[in-house]
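Visitor: What follows is a structure written as structure tokens; I'll ask about it next.
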Amino acid sequence: MTMDYGYINARMRGMKSRLLSHRALDDLIMRPDLESLIADLENSPYREDVIEAKGRSSGIDCIENALRQNFIKTFRKIQDFTRQEEEAKQYIVIFLHRWDVQNIKTILRGRNIHTTNEEILECLVPAGELDEVTLKELLKQPDIKAVIDLLATWRIRYAKPLTESFAEFMKTRDLAVLECALDRYYYADALSAVSAPTYNNNLIRDLLALEIDVVNLRTVLRMVRDRVEPADAERYLIGGGKEFNLKKLRHLLALATIDEVVKALVATRYRFLSTIPESAIRAQKISVIEKELERFLVKNGVGAFLLDPLSVASVIGYFWAKHNEIMNIRIISRCKTADFPVEHLREELVYV
């Protein structure tokens, strides 16, 4: 068993060494336009994917297609060589299911605000169990109910939480009802998959519990900003967090301002939020806080590389590092199309 993890660890470290360095990301930031950014990516580990994408698209679409293909290819490769290790495979499935959930949310959001299929398709990453053909079929559905019905017809696991919460969604017309049902199902499903008390499962459970804390904190921030009654807001919370039980979350929901929430978190591992400029907090700018929470999760995930090499840790570390690299390149390419000032662009990225 451990021999296989030694092999997996060596492969993951090899793949990690091919991720873009801090300096390579800075070089991408300095490129004056999308064309030179694409040229740079052609001289990077994304070369094959960029060349293939150039045959089908140009500009931002070319970069998005290349990143999407690279991401899918990378994870299929990892799935192939971890096949013998049950717990490593388990984590990969949990990680890839997250993309299924993200893709379903994206389709539901698109249907809710009547976005075009092309625009929705560009945001999808068919890296999980729902492949591109399946996602395109879901996109053909005229409305939210039809999307959920098709998921149910195909017996796709996520139909269950969506069907169960659909009546409440119809009553409130608040998409957060469906999104929360998906999250709650995803995390409960993931936690039950790693319930046996092994070193690897404990590692995975810890990370999942941390993610649940962050999901709940984001909910608290939005609810406090929008002055939602605490009793109503509670419906959107998810169980299974590490630091916040329901009692602590209720206490946060009862606070009057974002500023008070941030101050209340000083006694927790989220005290880093108090370094955010007070002007942003007073202006109730949640996006700034959410960015810091995202940064915290990424650094925590990538930090798994420092744990036991004969465990699932290197797989966890690599997944987070790769996911972060792709998000960084996407941010850079989108900012190039919007003439975003270079000095502010660095602040948008997460360096690990």
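The values are calculated or read from the model by the stated rules, or taken from the named source; none is laboratory data. The model shown is predicted, which means the values in this text are computed figures rather than measured ones. When we count neighbours, we look across all protein chains shown, and the Cβ atoms used for this are built from the backbone with ideal geometry, even at glycine. Ligands, DNA and RNA are excluded from the accessible area calculation, which covers all protein heavy atoms including side chains. Shrake-Rupley method; radii C 1.70, N 1.55, O 1.52, S 1.80 Å.
Visitor: Compute the separation of the alpha-carbon centres of region 277-352 and region 250-267 and state it in Å as a whole number.
Guide: 24
Visitor: With each label point set 7 Å from Cα along the Cα-Cβ vector, what nm distance links Ala254 and Arg56?
Guide: With each label placed 7 Å out from Cα toward Cβ, I get 5.4 nm.
Visitor: Moving to a separate point now. Among rounded, prolate and oblate, which fits the chain when a ≥ b ≥ c are the square roots of the eigenvalues of its C-alpha gyration tensor, a/c under 1.5 means rounded, and a/b larger than b/c means prolate?
Guide: Details: a/c = 1.21, a/b = 1.20, b/c = 1.01.
It comes out rounded by the Cα gyration axes.
Visitor: Assuming 0.36 nm per residue, please report the length gained on full extension of the stretch Arg282 to Arg173 beyond their Cα-Cα distance.
Guide: Here the segment from Arg282 to Arg173 would lengthen by 36.3 nm.
Visitor: Among Phe244, Phe95, Phe169, which one moves the most in a GNM of the chain with springs linking Cα atoms closer than 10 Å?
Guide: Per the Cα network of the chain with a 10 Å cutoff, Phe169 tops the list.
Visitor: Right, here's the next one. Please compute the modelled spin-label separation between Ala188 and Lys299, points set 7 Å along Cα→Cβ, answer in nm with one decimal.
Guide: Computed distance between label sites Lys299 and Ala188 equals 3.4 nm.
Visitor: Another question, if that's okay. Just check region 38-119 against the gyration tensor rule for me: Cα atoms, a ≥ b ≥ c as the square roots of the eigenvalues, rounded for a/c under 1.5, and otherwise prolate or oblate depending on whether a/b exceeds b/c. Walk me through the numbers before you get to the answer.
Guide: Values: a/c = 3.58, a/b = 1.12, b/c = 3.20.
It is oblate, given that a/c is not under 1.5 and a/b is not larger than b/c.
Visitor: While we're looking at this one, here's another question. So, in Å, what gap is there between the alpha-carbon centers of region 8-28 and region 219-246?
Guide: What the calculation gives is 37 Å, centre to centre.
Visitor: Within 14 Å, Cβ to Cβ, of Ser287, how many net charges do the neighbouring residues add up to if Lys/Arg are +1 and Asp/Glu are -1?
Guide: Values: positive: Arg218, Arg222, Arg225, Lys285, Lys291, Arg295; negative: Glu290, Glu292, Glu294, Glu347, Glu348.
Neighbour charge sum, excluding Ser287 itself: +1.
Visitor: Using a Gaussian network model on the chain with a 10 Å cutoff between Cα atoms, which of Leu175, Leu253, Leu293 fluctuates the most?
Guide: Leu175
Visitor: Suppose all protein chains stay in the model; what accessible area per residue would a 1.4 Å probe give for region 1-130, in Å²? Don't skip to the end; give the middle numbers.
Guide: Values: 6410 Å² over 130 residues.
Per residue, region 1-130 has 49 Å² of solvent-accessible surface.
Visitor: Taking the Cα centre of region 205-339 as the origin, how large is its charge dipole in debye, to the nearest 20, when only Lys and Arg (+1) and Asp and Glu (-1) carry charge on their Cβ atoms?
Guide: Dipole about the Cα centre, nearest 20: 120 debye.
Visitor: How many angstrom lie between the Cα centre of region 59-96 and the Cα centre of region 158-181?
Guide: With region 59-96 and region 158-181 each reduced to a Cα centre, they are spaced 29 Å.
Visitor: Which Cα, out of Leu178, Ile78, Ala254, lies furthest along the positive dipole direction of the chain (beta carbon charges, K/R +1, D/E -1)?
Guide: Final value for the positive-end residue is Ala254.
Visitor: Then there's this: Just the number, please: carbon plus sulfur as a percent of the accessible area of region 132-235, 1.4 Å probe, no ligands or DNA/RNA counted. Let's see the in-between values first.
Guide: On the way: 2620 of 5050 Å².
Here carbon and sulfur together make up 52 percent of the probe-accessible area.
Visitor: With the Cα gyration tensor of region 190-271 in hand, convert its eigenvalues to equivalent ellipsoid semi-axes via √(5λ) and list them largest first in whole Å.
Guide: Working: eigenvalues 141, 37, 15 Å².
Semi-axis lengths for region 190-271 are 27, 14, 9 Å.
Visitor: Also: At Gln141 and Arg271, where each label point lies 7 Å from the Cα along Cα→Cβ, what is the point-to-point distance in nanometres?
Guide: 4.7
Visitor: Right, next: Which order do the peptides 176-188, 49-61 take when ranked by the mean count of other beta-carbon atoms within 10 Å per residue, highest first? Working shown, then result.
Guide: Values: 176-188: 19.8, 49-61: 15.3.
Most protected by this proxy first, the peptides run 176-188, 49-61.
Visitor: Can you tell me, using C-alpha contacts under 8 Å and at least 6 residues apart, the relative contact order of region 232-352 as a whole percent? Before the final figure, lay out the partial values.
Guide: Values: 65 pairs, mean separation 17.7, N = 121.
15 percent.
Visitor: Which shape class applies to region 266-343: rounded if a/c is under 1.5, otherwise prolate when a/b exceeds b/c and oblate if not, where a ≥ b ≥ c are the square roots of the Cα gyration tensor eigenvalues?
Guide: On the way: a/c = 3.79, a/b = 1.29, b/c = 2.95.
Oblate, because a/c is 1.5 or more while a/b does not exceed b/c.
Visitor: A further question follows. At 222 nm, what helix-only mean residue ellipticity would the chain give, in deg cm²/dmol to the nearest 500, using -39500 (n - 2.57) for each DSSP H run of four or more?
Guide: On the way: 19 runs with 249 residues, N = 352.
Taking each H run of at least 4 residues, the total per residue is -22500 deg cm²/dmol.
Visitor: Now for a different question. Given the Cα-Cα distance of Glu292 and Glu164 and 0.36 nm per residue of separation, how much length would full extension add, in nm? Walk me through the numbers on the way to the answer.
Guide: Values: separation 128, 0.36 × 128 = 46.08 nm, distance 3.32 nm.
The span from Glu292 to Glu164 would gain 42.8 nm if fully extended.
Visitor: Let me ask another. Using the Cα centre of the chain as the reference point, and only Cβ charges (+1 on K/R, -1 on D/E), how large is the resulting charge dipole? Debye, rounded to the nearest 20. Write down the numbers at each step before the final one.
Guide: Values: 51 positive and 52 negative charges, 120 e Å.
Roughly 580 debye for the chain.
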